[in-house]
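Contents: one structure, followed by commentary.
The values are calculated or read from the model by the stated rules, or taken from the named source; none is laboratory data. Computed from a predicted model, the values in this text were never measured in an experiment. Using ideal geometry, Cβ is built from the backbone for each residue, glycine included, and neighbour counts are taken over all protein chains shown. Ligands, DNA and RNA are stripped out before the accessible areas are found, and what is left, the full protein with its side chains, is counted by its heavy atoms. Shrake-Rupley method; radii C 1.70, N 1.55, O 1.52, S 1.80 Å.
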Amino acid sequence: MVCPGRAHVRWACGGVSSPMAGLPRLVLLLSGKRKSGKDFVAEELQNRLGPDVCAILQLSGPLKEQYAKEHGLDFQRLLDASDYKETYRQDMIRWGEEKRNTDPGFFCRIVVESLTQPVWVVSDTRRLSDVEWFQDVYGAVVQLVRVVATEETRKRRNWVFVVGVDDAESECGLDQGVTFDWVITNDGDELSLDSQLEKLLHFIYSKL
């Protein structure tokens, strides 16, 4: 069963089945700072590949759903970029860390349940434990993609530094100790971004 939400963005509800149920040909783990454009890059890849080929996975989807249930909140409003979500962001981070400390693969196992597409794009990879789980389970098909933008660009997209958010593991967990296979610069230059995406897409097609 698939939860309602943004079109073609996938996370699973209910119980957890074996993550090996459907083996992908390629798993792209996207990471980057807030307002760097991770979701935009993920959606561009899906638009060009098609939703039958490419699934967008959000680790925050099951986190927000379960958090909303336990705290009596509006799950749908936690999914968008509203002030409502920002009000609870810090507590969600704390709550999510507690879950991951108990079981590092908790949200990863949920989000890959019952997928059939050959290409998976995880649009919100934030922690080393997330990377390690996907690498341990899916091995060589995993590629790490970093989306970067300058602070000036992020500020133009309404980014403001928030203590307890921008200095937390959810934002800084992959700043070091990780070697990225791809770095996508997303500073608003459409031609440059298109050229970078075409190179990545060429690689993706080679794996299909």
Taking the Cα-to-Cβ direction at VAL162 and at LYS207 and moving 7 Å from each Cα, how far apart do the two end points lie in nm?
-> 3.2
Among VAL41, VAL147, VAL163, which one shows the biggest mean-square fluctuation in a GNM of the chain, springs joining Cα atoms closer than 10 Å?
-> VAL163
When a/c is below 1.5 the answer is rounded, else prolate if a/b is larger than b/c, else oblate, so apply that to the stretch 120-205 with a ≥ b ≥ c taken from the square roots of the Cα gyration tensor eigenvalues.
-> oblate
Long-range amide H contacts for THR185: which residues qualify at under 5 Å (H placed 1.01 Å from N, peptide plane, sequence gap of 5 or more or a different chain)?
-> VAL148
Listed residue pairs exceeding 31 Å between alpha carbons, taken from LYS38/LYS207; LYS69/LYS155; LYS33/LYS64 = LYS69/LYS155
Accessible area per residue of the chain at 1.4 Å probe, in Å²?
-> 49
Residue-level accessible surface for HIS71, protein heavy atoms, 1.4 Å, Å² = 80
Which far-off residues, 5 or more places away or on another chain, put their amide H under 5 Å from the one on LEU57, with H placed in the peptide plane?
-> ARG10, VAL121, VAL122, SER123
